[in-house]
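J.: Could you have a look at this structure, given as structure tokens, before my questions?
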Amino acid sequence: MAANSIPDEPRPRRGRLRRWGVRLAKGLGICALLLLLLRELFFSGPYLPSAKPHDGLILDMHCHVAGIGAGGSGCFVSEELRNNFRFGIYLKAFGVTVAEAEAQGDQLLMERLAKGIGESQRVGAAIVLAMDGVVDANGQLDPARTEFYIPNEYVAAETAKHPNLYFGASVNPHRPDALERLQWARDNGALLVKWLPSIQFIDPADPAHEPFYRKMAALKLPLLTHAGQERSFTHAQDELADPVRLRLPLSLGVTVIVAHAASTGKNEGQEDIDRLIGMLGDYPNLYADLSSMTQVNKLGYLRQAITEKQLEGRLLYGSDFPLINTAAVTAWAFPLNLTRKQMQAIDAMANPWDRDVALKEALGVPASVMARPAKFFGVSLGQAGAD
Ligand SMILES: [Zn+2]
């Protein structure tokens, strides 16, 4: 008897499981139908009507490179960032593993960058950004507080090897020889100076930086600076990224480009992007880029940037690679603006720059924004799609 009852035992359990399975499937089906219905009701299409795309090759004016210090690059990553989950994601976006970088040098990442851009049908070249570190009270690089350091010398030397890469310098104004570093950068082909004030601990409003700004203006080096909340690193002092602090360099004649239009983050209870927009009337030398603005945590800001009348003529295309090549960016995040076919087609594109351009264009980024960086930086590129 006992031997007979054992094999029969699982039967009722299996039946229960089947019933639950059917209920779950029904529930999911109803949810999917509801979502489809909601999408039908609220579908609004692109932020701006799509116009004819820019037919020339595009300059990506905001492209990062990473490095672990291999191959004598001088790059540096803090232990904390190296152990952070983000670091592996960044390297993966370049298609390089830590072991490969260790064996072949950081130069491998630069090669992959040049190859990826070379394979793009739409982007013809990129400005690759160096990243200065935190400078202590004695004017020395402070490795304990620097998360990520990419020397100017390395980026200048590497970009010179690849005709589709341009040098974007980074100089912390707290360096005792900051003015000489600016001159060196200009002499070595730098097209701009990049800051990340919230992690480099630079206060753009500090009057002590006046000589630095005057030198930048004299050298005609634009300042590309991150504003808004910074979440790509492990620590950040967000109040330093308040766009209002940029009034000082702007008033001294420096051309300032605010990265990702200061999207995300608030200061004094006001959205940083609104603080930026509020300054446009005062400063014709103030610009913004569209880098990383399709990230899932920035939904809505791209709409605001491209539909804001005051930003017309002030927006530049940038990618913020490698961030565009991570799970933080997907066309599927825009079901109310793109058709299923568009989302599918865009996400299926293998090249990260082609995908980024296609997504931004499908959302309504005008051709003039795509064309602007090449003109702005005086870089001549050929026709799109012509190999
Ligand atoms: Zn960036």
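FYI, it's all coordinate maths here, none of it is from the lab. On a predicted model such as this, the values are computed, not experimentally measured, just so you know. Note that each Cβ is placed from the backbone with ideal geometry, even for glycine, and that neighbours are counted across all protein chains shown.
J.: Putting +1 on Lys and Arg Cβ atoms and -1 on Asp and Glu Cβ atoms, find which of Gly139, Ser120, Ala218 reaches farthest to the positive end of the dipole of the chain.
T.: Ranked along the dipole, the leading option is Ser120.
J.: Enter the angle in degrees (range 0 to 90, nearest 10) between the Cα long axis of helix 107-119 and the first principal axis of the Cα atoms of the chain, meaning the one along which they spread out most.
T.: The helix 107-119 is inclined about 70 degrees to the chain.
J.: Also, I was wondering about something else. Helix 85-94: angle to the longest alpha-carbon principal axis of the chain, degrees 0 to 90, nearest 10?
T.: Helix 85-94 sits at roughly 80 degrees to that axis.
J.: Can you give the helix-only mean residue ellipticity at 222 nm for the chain, where every DSSP H stretch with n ≥ 4 adds -39500 (n - 2.57) and the sum goes over all residues, rounded to the nearest 500 deg cm²/dmol? Can you show the working numbers first?
T.: Working: 16 runs with 157 residues, N = 387.
Helices in the chain give a 222 nm mean residue ellipticity of -12000 deg cm²/dmol.
J.: With +1 assigned to the C-beta of every Lys and Arg and -1 to the C-beta of every Asp and Glu, and no other charges, what is the dipole magnitude of region 58-376 about the Cα centre in debye, to the nearest 20?
T.: On the way: 30 positive and 37 negative charges, 197 e Å.
With only Lys, Arg, Asp and Glu charged at Cβ, the dipole is about 940 debye.
J.: Return one number: the angle in degrees, 0 to 90 and rounded to the nearest 10, between the long axis of the Cα atoms of helix 210-219 and the longest principal axis of the Cα atoms of the chain.
T.: That helix lies at roughly 90 degrees to the long axis.
J.: Once the dipole of the chain is set up with Lys and Arg at +1 and Asp and Glu at -1 on Cβ about the Cα centre, which of Val98, Leu59, Val22 lies farthest towards its positive end?
T.: Selected residue: Val22.
J.: Right, here's the next one. Which order do the peptides 242-249, 84-91, 196-203 take when ranked by the mean count of other beta-carbon atoms within 10 Å per residue, highest first? Present the calculation step by step, with values, prior to reporting the outcome.
T.: On the way: 242-249: 21.4, 84-91: 15.9, 196-203: 23.2.
The packing order, highest mean first, is 196-203, 242-249, 84-91.
J.: What is region 117-267's relative contact order, in percent, from Cα pairs under 8 angstrom and six or more apart in sequence?
T.: Details: 294 pairs, mean separation 30.2, N = 151.
Rounded, it is 20 percent for region 117-267.
J.: Specify which residue in the list Met343, Leu240, Tyr317 is farthest towards the positive end of the charge dipole of region 58-376, using unit charges on the beta carbon of Lys, Arg (+1) and Asp, Glu (-1), about the Cα centre.
T.: Most positive-ward Cα: Met343.
J.: With each pseudo-label sitting 7 Å past Cα toward Cβ, what's the Glu153-Ala99 distance in nm, one decimal?
T.: 3.2 nm
J.: While we're looking at this one, here's another question. So, by mean Cβ neighbours within 10 angstrom, what's the order for 130-142, 372-384, 348-360 with the highest one leading? Provide the component values of the computation, followed by the final result.
T.: On the way: 130-142: 17.6, 372-384: 15.9, 348-360: 20.5.
The most tightly packed comes first, giving 348-360, 130-142, 372-384.
J.: Considering only the chain, what is the antiparallel percent among its DSSP beta bridges, to the nearest 5?
T.: Working: 7 of 31 bridges.
Percentage antiparallel, nearest 5: 25.
J.: In the structure displayed, which of Lys52/Lys360; Lys92/Lys115; Lys194/Lys298; Lys52/Lys298; Lys220/Lys375 lie more than 19 Å apart, Cα to Cα? Walk me through the numbers before you get to the answer.
T.: Values: Lys52/Lys360 13 Å; Lys92/Lys115 15 Å; Lys194/Lys298 22 Å; Lys52/Lys298 26 Å; Lys220/Lys375 15 Å.
With Cα atoms farther than 19 Å apart: Lys194/Lys298; Lys52/Lys298.
J.: Here is a follow-up. Calculate, for Ser380 and Asp177, the FRET efficiency according to 1/(1 + (r/R0)^6) with r their C-beta to C-beta distance and R0 25 Å; round to the nearest 0.05. The partial results should precede the final answer.
T.: Numbers: r = 33 Å, r/R0 = 1.33.
According to the calculation, E is roughly 0.15.
J.: Would you mind working out the magnitude of the charge dipole of region 204-304 relative to its Cα centre, with +1 at each Lys and Arg C-beta and -1 at each Asp and Glu C-beta, to the nearest 20 Debye?
T.: Working: 10 positive and 12 negative charges, 65 e Å.
Magnitude of the dipole: close to 320 debye.
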